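Asker: Before I ask anything, let me first share the structure, which is written out below as structure tokens.
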Amino acid sequence: MADQFDVIESGRRGHRRWIGLVVVAVLVAVPVVGLVVSREPEAPLPRAAVPEPIRSMRTLSNAPNALYPKPRVKGDDEIVRVVFPDGTRGEVRYPAGLELDRLGVRPFRGVWIDGAYRRLTAPYGGEAEVSKGGPPIRSLTSNVQLWPRQPGSGAYGQVLLFAFGPWRMALYDRFDGLTFEQRMAAAERLRGRVTKDGYLVLSGGGPVRLAEPGDVAQGDPVGPQLWFGSVVGDMVAVIPLPGCAKGSQVPEMMERGRRPARAACHDGVQVAATGGREFVERAVKEIRITLK
């Protein structure tokens, strides 16, 4: 039996394999050739147009923590509709060359927790600006985390980071810090809702009191504000400030660094700007805000 199997496995093996491969190749080639012959030559496809970014009211997880409103054009100006973080609506009119809509807009509002004042702002870099790539200390609620003190933050201490829809709002503590009870009060009583056009409106309650237009802390207006851009580039702050004077003081945040900074009041709204000299001059002189 062994000899019989040896003969079967060894007799003309290479010849049979060669014939088998030829048959398989013919079977595969016939339909392929027929398909190629039967097809009409196709015209080359036109190059697809690359769509422009959709500059609508939105925030993006991989973009700055800011909103990019779509303006309407009126002569040489552009106008954007805005909502301040207390719910006040308005329109910001500016020379088109300032391109405020491209800078992005963020909310700011001061807050008192059991009488202790703190700043509540939207960090331009979102969560990454607060986390610096590290983990939080703990979660206080489903949408609030406690983060370590940031290097180089001076008198500021740990940070409470709030998530309101796509927005990230940071409450920067002082070096001595709020108590655990005060932090929990802030986490539980501070609320935010996102309007249909993407702006954030904030509310408080109990021991948490949010600043109103005209409120001042440490010499600066701390009521509801909108910030266009960031302090590393051109920046404009629009601040409802009833009774503000013509030569109003520039907010402290605008005076960081050695760049031009100016402020002016128009119809009860302060416009403060920092950045390039020409940008600043045009911003404080020509930006107008209408509150609804």
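Asker: Mind checking whether some residue in the range 214-233 is surrounded by fewer than 17 Cβ atoms within 10 Å (Cβ to Cβ), touching a residue at least 60 places away in the same chain (Cβ under 8 Å) and closer than 18 Å to residue 116 by Cα?
Answerer: yes
Asker: State all residues of the range 183-198 that are in contact with a Gly (Cβ under 6 Å, 6 or more places away or on another chain) and over 13 Å from residue 118 (Cβ atoms); if no residue qualifies, say none. First the steps, then the outcome.
Answerer: Residues of the range 183-198 in contact with a Gly (Cβ under 6 Å, 6 or more places away or on another chain): 189-190, 194.
Correct list: 189, 194.
Asker: Let me ask something else. Sort out which residues of the range 223-269 are touching a strand residue (DSSP E or B) at 6+ places or on another chain (Cβ under 7 Å), among the β-branched types (Val, Ile, Thr) and not in a strand (DSSP E or B), and write them in order of number.
Answerer: 231, 250 - these are the residues of the range 223-269 that are touching a strand residue (DSSP E or B) at 6+ places or on another chain (Cβ under 7 Å), among the β-branched types (Val, Ile, Thr) and not in a strand (DSSP E or B).
Asker: Can you find even one residue in the range 97-107 that is closer than 18 Å to residue 179 by Cα and either part of a strand (DSSP E or B) or at pLDDT below 95 (or both)? Outline the logic, then answer.
Answerer: Residues of the range 97-107 that are closer than 18 Å to residue 179 by Cα, as a first pass: none.
Checking the range 97-107: not a single residue is closer than 18 Å to residue 179 by Cα and either part of a strand (DSSP E or B) or at pLDDT below 95 (or both).
Asker: Got at least one residue in the range 105-114 being in contact (Cβ under 8 Å) with a residue 60 or more places away in the chain and surrounded by fewer than 16 Cβ atoms within 10 Å (Cβ to Cβ)?
Answerer: Narrowing the range 105-114 to residues in contact (Cβ under 8 Å) with a residue 60 or more places away in the chain: 105-114.
Cutting the leftovers down to surrounded by fewer than 16 Cβ atoms within 10 Å (Cβ to Cβ) gives us 114.
Among the residues of the range 105-114, at least one is in contact (Cβ under 8 Å) with a residue 60 or more places away in the chain and surrounded by fewer than 16 Cβ atoms within 10 Å (Cβ to Cβ), which makes the answer yes.
Asker: Do any strands (runs of 3 or more DSSP E) lying entirely in the range 122-182 carry at least 3 residues that are within 28 Å of residue 233 (Cβ to Cβ) and free of Cβ contacts under 8 Å to residues at least 12 places away in the same chain, and which ones are they? Walk me through how you get there before you give the answer.
Answerer: Values: elements: 138-141, 144-147, 156-164, 167-174.
Fully inside the range 122-182 and qualifying: nothing.
Asker: Being in contact with a strand residue (DSSP E or B) (Cβ under 6 Å, 6 or more places away or on another chain) and of a type in the set (D, E, K, R), is that true of even one residue in the range 201-222?
Answerer: The answer is yes, given that some residue of the range 201-222 is in contact with a strand residue (DSSP E or B) (Cβ under 6 Å, 6 or more places away or on another chain) and of a type in the set (D, E, K, R).
Asker: Residues in the range 81-126 that are more than 26 Å from residue 209 (Cβ to Cβ) and of a type in the set (D, E, K, R): how many?
Answerer: The number of residues fulfilling the criteria is 6.
Asker: Which pairs turn up if I take residues in the range 260-288 that are crowded, with 18+ Cβ neighbours inside 10 Å and look for partners that are part of a strand (DSSP E or B) and of a type in the set (Phe, Trp, Tyr) with beta carbon separation below 7 Å, at least 6 apart in sequence or on another chain?
Answerer: 287/94
Asker: Regarding the range 85-92, can at least one residue be identified that is assigned to a loop (DSSP other than H, G, I, E, B), under 23 Å from residue 197 (Cα atoms) and of a type in the set (A, V, I, L, M, F, W, C)? Spell out how you get there, then give the answer.
Answerer: Our first condition is that a residue be assigned to a loop (DSSP other than H, G, I, E, B); within the range 85-92, this holds for 85-88.
From what's left, under 23 Å from residue 197 (Cα atoms): 85-88.
Narrowing the set further to residues that are of a type in the set (A, V, I, L, M, F, W, C) leaves none.
No, the range 85-92 has no match at all.
The values are calculated or read from the model by the stated rules, or taken from the named source; none is laboratory data. Since we're looking at a predicted model, the values are computed, not measured. For neighbour counting, all protein chains shown are included, and Cβ atoms are generated from backbone atoms with ideal geometry for every residue, glycine included.
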